[in-house]
Amino acid sequence: MANEKKLVQDITPMGEDFAQWYTDIIKKAQLVEYSGVKGCMVIQPYGYAIWENIQKEMDRRFKETGVENVYMPMFIPESLLQREKDHVAGFAPEVAWVTHGGNEKLPERLCVRPTSETLFCEHYANIVQSYRDLPKLYNQWCSVVRWEKTTRPFLRHMEFLWQEGHTAHATQEEAQKRTIQMLNLYADFCETELAIPVVKGQKTDKEKFAGAEKTYTIESLMHDGKALQSGTSHNFGDGFAKAFDIKYLDENNELTYVHQTSWGMSTRIIGAIIMVHGDDAGLKLPPRIAPIQAVIIPVAQHKEGVLERANELKEQLSKKFRVKIDDSDKSPGWKFSEYEMRGVPIRIEIGPKDIEKNQAVIVSRVDREKSFVSLDNIEEEVAKSLEKIQAQMLEAAQKNRDEKTSVAHNYDEFKQLVAEKGGFVKAMWCGDEACELKIKEETTATSRCIPFEQETLSDTCVCCGKPASKMVYWGKAY
RNA sequence: CGGGAUGUAGCGCAGCUUGGUAGCGUACUUCGUUCGGGACGAAGGGGCCGCAGGUUCAAAUCCUGUCAUCCCGACCA
């Protein structure tokens, strides 16, 4: 359709004010509502349904690799949190403390979990005795609390939902293998299910997780050129095992420390879905996780037989797809715009003219392209259309990311790219944290990751000019 | 936590300069006509103006404080 005019009022155009566009969409599409609790948001049914679909598929993938779900307490005694030095230093500034039970002051205060490494470690120390007990591949779906200074829907809540996987292995090799396996799982999940292309790589020491030996990340790029860390996977080596005394007897009857990993993805990823795919008409949800994959809009529904046929169609399609029918007495035009704004991948129009011809009209959210399909093979047509949309969305996101990825050969070029173009800037780095700090200080860009796919852009660090062997993705981030 | 902005009906806003007890658009309810890209008419319902103090005969309006939200930094998934 050539009709490009803005149908939905009150959504600030992206180009005008991206941040406002983001909040407008979240409010208009009813994903999140602010609550009376500072920094905590109400995730509304439509937003939560996206999370449920993400959970369902991710959980399936975890279990396929042998992971089991567990549930840990939400409180951590202060003494337990203190056990690993780097870990507590990293999280202490942002934990919430419980000091009273009823009217009585607690002998030891409890923190509300900001993450559960310490609890898993304590548990593993209890249950791991022999190499036969390993590996332990646990995951939990829960919420965690971090006392953030500022919050934004999905991107930063004081309490947020996530999954945290925690594994214990006999050897460092095995732990490393699992760390990378989960990173790859996240990356594949993002690309296949969410149509979000990611860059896989390792975090620099400055950016790595508190207590980790190595932190890996998948980084995605939003429509405004800012990066978003979309999932992480850490290898702890035996650092936590030593702090928590997690030992097992190996085949040679020798006491050995376990090697651990942890990995997580949060509701923040929903923010990525919005910012990677959305446009000025509203949300655009990847078919695979869209709560409603197809909405049926009866046209001239007061005419005889229309609603009946539309409902039949709904029944038929519901066996294979997530389908909604809107038979409210709003005008068809209103419904068209509404479901576009809410990101529903396809709309099916069915009216008297269609019924006469035994057809329906399928309209894609991606390009508003209309196709007339016979009711006899509509299931196949819907399936085909959803698949096509999923592919188109990934392609568009890839194109956007590629266009916003550039190479800086020297510092002037680097500064200019970060300031004027944004996006990912690829540049060589000497490995010295001082350069990272200087770059952040002067450009506000941070090192996003040292990608697995390395290129040699030059022999010298873009910042200090000393010899460099690592190519790094830099960018402003959420 | 620093700098800036904004809080008036579900949402978007006007009114504030010059105090006199609240209005517009949209959404909502009912009825009728409509229905293939946000339909039209008529009649209704809804707000002690973020909150708490103060000044005043009188405060949405002036003053102080506080809270929340947004933007830019710092911190972080």
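Taking the longest Cα principal axis of chain A as reference, the axis of helix A:433-443 is set at about 40 degrees. Simple rule: put +1 on each Lys or Arg Cβ and -1 on each Asp or Glu Cβ in chain A, find the dipole, and look at A:TRP162, A:MET58, A:CYS461; the Cα lying farthest toward the positive end is A:TRP162. Taken one residue at a time, the phi angles of segment A:450-458 give Karplus couplings (6.51, -1.76, 1.60, θ = phi - 60°) of 9, x, 5, 7, 8, 10, 9, 8, 6 Hz. Gly and Pro are set to x. If you build the convex hull over the alpha carbons only and average its shadow over all orientations, what do you get for segment A:239-384? Give it in nm² to one decimal. Averaged projected hull area, Cα only: 14.2 nm². Each principal axis of the Cα cloud of segment A:167-243 was evaluated for its coordinate range; sorted largest first, these ranges are 43, 26, 14 Å. Remark: relative contact order (segment A:138-189) = 32 percent; criterion is Cα-Cα distance under 8 angstrom and separation of 6 or more residues.
When each of A:GLU403, A:GLU193 is scored by the number of other beta-carbon atoms lying within 10 Å, the sequence from fewest to most is A:GLU403, A:GLU193. Full extension of the chain segment joining A:LYS421 with A:LYS85 gains 117.0 nm, where the gain is 0.36 nm per residue of separation less the Cα-Cα distance. Between segment A:163-190 and segment A:322-391, how far is it from one alpha carbon centroid to the other, in angstrom? Spelled out, the Cα-based centre of one part sits 40 Å from the other. Across segment A:444-478, the residues whose backbone nitrogen lies under 14 Å from the label position 7 Å along the beta-carbon direction of A:LYS438 are A:460-468.
Computed from phi, the 3J(HN,Hα) profile of segment A:271-277 under the Karplus parametrisation 6.51, -1.76, 1.60 (θ = phi - 60°) reads x, 5, 4, 5, 7, 8, 9 Hz, with x in place of Gly and Pro.
Rounded to whole Å and sorted largest first, what semi-axes of the equivalent ellipsoid does the C-alpha gyration tensor of segment A:99-153 yield via the square root of 5 times each eigenvalue?
Details: eigenvalues 177, 77, 13 Å².
They are 30, 20, 8 Å, listed from largest to smallest.
Between rounded, prolate and oblate, where does segment A:35-168 land on the alpha carbon gyration tensor, with a ≥ b ≥ c its root eigenvalues, rounded for a/c under 1.5, else prolate if a/b exceeds b/c? It is oblate, given that a/c is not under 1.5 and a/b is not larger than b/c.
Does segment A:89-245 classify as rounded, prolate or oblate by the C-alpha gyration tensor (a ≥ b ≥ c root eigenvalues; a/c under 1.5 gives rounded; else a/b over b/c gives prolate, otherwise oblate)? It is oblate, given that a/c is not under 1.5 and a/b is not larger than b/c.
For the modelled label position 7 Å from the Cα of A:LYS206 along Cα-to-Cβ, which residues of segment A:440-456 have backbone nitrogen atoms closer than 12 Å? So the set is A:440-449. Modelled label positions at A:ASP133 and A:ASN311, each set 7 Å beyond Cα in the direction of Cβ, lie 6.0 nm from each other.
Restricting to Cα pairs below 8 Å that are 6+ residues apart, what does the relative contact order work out to for chain A? Please round to a whole percent. It rounds to 14 percent for chain A.
Within chain A, the proportion of Cα pairs with more than 31 Å between them is 51 percent.
Between helix A:332-341 and chain A there is an angle of about 10 degrees, using the helix long axis and the longest principal axis of the Cα atoms. Amide H contacts of A:THR204: A:ILE450, each under 5 Å away and 5 or more positions distant or on a separate chain (H built 1.01 Å from N in the peptide plane; Pro and chain starts excluded).
Using only alpha carbons, build the gyration tensor for segment A:49-99 and give me the equivalent ellipsoid semi-axes, biggest first, whole Å. Could the numbers behind the result be given before it?
On the way: eigenvalues 188, 41, 26 Å².
Equivalent ellipsoid semi-axes, largest first: 31, 14, 11 Å.
Among the aspartates and glutamates, select those whose C-alpha is under 15 Å from the C-alpha of A:LYS149, and discard any that sit fewer than 8 residues away in the same chain. Candidates past the 8-residue exclusion: A:GLU94, A:GLU159. Within the same chain, lysines fewer than 8 places from A:LYS353 are excluded, and of the rest, those with a Cα less than 25 Å from its Cα are A:LYS303, A:LYS314, A:LYS324, A:LYS330, A:LYS335, A:LYS370, A:LYS384.
Under 5 Å from the amide H of A:TRP474 lie the amide H atoms of A:VAL425, A:LYS426, A:ALA427, A:ARG448, each residue being 5 or more positions distant or on a separate chain, with H modelled from the backbone and absent for Pro and chain starts.
Extension gain, A:PHE18-A:THR150: 0.36 nm per intervening residue step, less the Cα-Cα distance, totals 45.7 nm. Shape class for segment A:21-111: oblate, because the ratio a/c of the largest to smallest gyration tensor axis (alpha-carbon atoms, square roots of eigenvalues) is 1.5 or more and b/c is at least a/b.
Starting from the Cα-Cα distance between A:LYS384 and A:ASP327, subtract it from 0.36 nm times their residue separation and give me the gain in nm to one decimal.
Numbers: separation 57, 0.36 × 57 = 20.52 nm, distance 2.52 nm.
Result for the pair: 18.0 nm of gain on full extension.
Each principal axis of the Cα cloud of segment A:359-407 was taken in turn, and the coordinate range along them, longest first, works out to 52, 16, 8 Å.
Fewest first, what order do A:LYS324, A:LYS85 take by the number of other Cβ atoms within 10 Å? Intermediate values should be presented prior to the final figure.
Numbers: A:LYS324 15, A:LYS85 12.
Going from least to most buried by this count: A:LYS85, A:LYS324.
For segment A:1-157, the Cβ-based charge dipole about the Cα centre amounts to some 60 debye (Lys, Arg positive; Asp, Glu negative; other atoms uncharged).
Less than 5 angstrom separates the built amide H of A:ILE296 from those of A:LYS324, A:ILE325, A:ASP326, A:ILE348, all sequence-distant by 5 or more or on a different chain.
Quick check for me: using +1 on Lys/Arg Cβ and -1 on Asp/Glu Cβ, what's the dipole size of chain A about its Cα centre, in debye to the nearest 20? Could you put the intermediate results ahead of the total?
Working: 63 positive and 73 negative charges, 117 e Å.
Dipole size: approximately 560 debye.
For segment A:345-437, the relative contact order is 17 percent, taking Cα pairs closer than 8 Å that sit 6 or more residues apart in sequence and dividing their mean separation by the residue count.
Here the spin labels are modelled as points 7 Å beyond Cα on the Cα-Cβ line, and at A:GLN172 and A:GLN30 they lie 5.5 nm apart. Placing unit charges on the Cβ atoms of the charged side chains and taking the dipole of segment A:135-215 about its Cα centre, the candidate lying farthest along the positive direction among A:LEU137, A:THR179, A:THR151 is A:THR151.
With R₀ set to 35 Å, the beta-carbon distance separating A:ASN252 from A:LYS320 gives a calculated FRET efficiency near 0.05. Helix A:306-318 axis versus longest C-alpha principal axis of chain A: approximately 30°, rounded to the nearest ten.
A:VAL42 to A:GLN398: FRET efficiency via 1/(1 + (r/R0)^6), r the Cβ-Cβ distance, R0 25 Å, to the nearest 0.05?
On the way: r = 34 Å, r/R0 = 1.35.
Using R0 = 25 Å, I get an efficiency of 0.15.
In chain A, the calculated helix contribution to ellipticity at 222 nm averages -10500 deg cm²/dmol per residue, counting -39,500 (n - 2.57) for every DSSP H run with n ≥ 4. In straight-distance terms, cross-link reach from A:LYS200 covers every one of the lysines whose alpha-carbon lies under 18 Å from its own, apart from those fewer than eight places away in the same chain; here that gives A:LYS177, A:LYS208, A:LYS214, A:LYS226, A:LYS399, A:LYS404, A:LYS426, A:LYS470, A:LYS476.
Across segment A:86-102, coupling constants 3J(HN,Hα) worked out from phi with the 6.51/-1.76/1.60 Karplus curve, θ = phi - 60°, read 5, 4, 5, 4, x, 9, 3, x, 10, 9, 9, 10, 9, 10, 10, x, x Hz, and Gly and Pro carry x.
The numbers here are math on the coordinates, done by the rules we state, and not lab data. Note that this is a predicted model, so its numbers are computed, not measured. Glycine also receives a Cβ, built like all others from the backbone with ideal geometry; neighbour counts cover every protein chain displayed.
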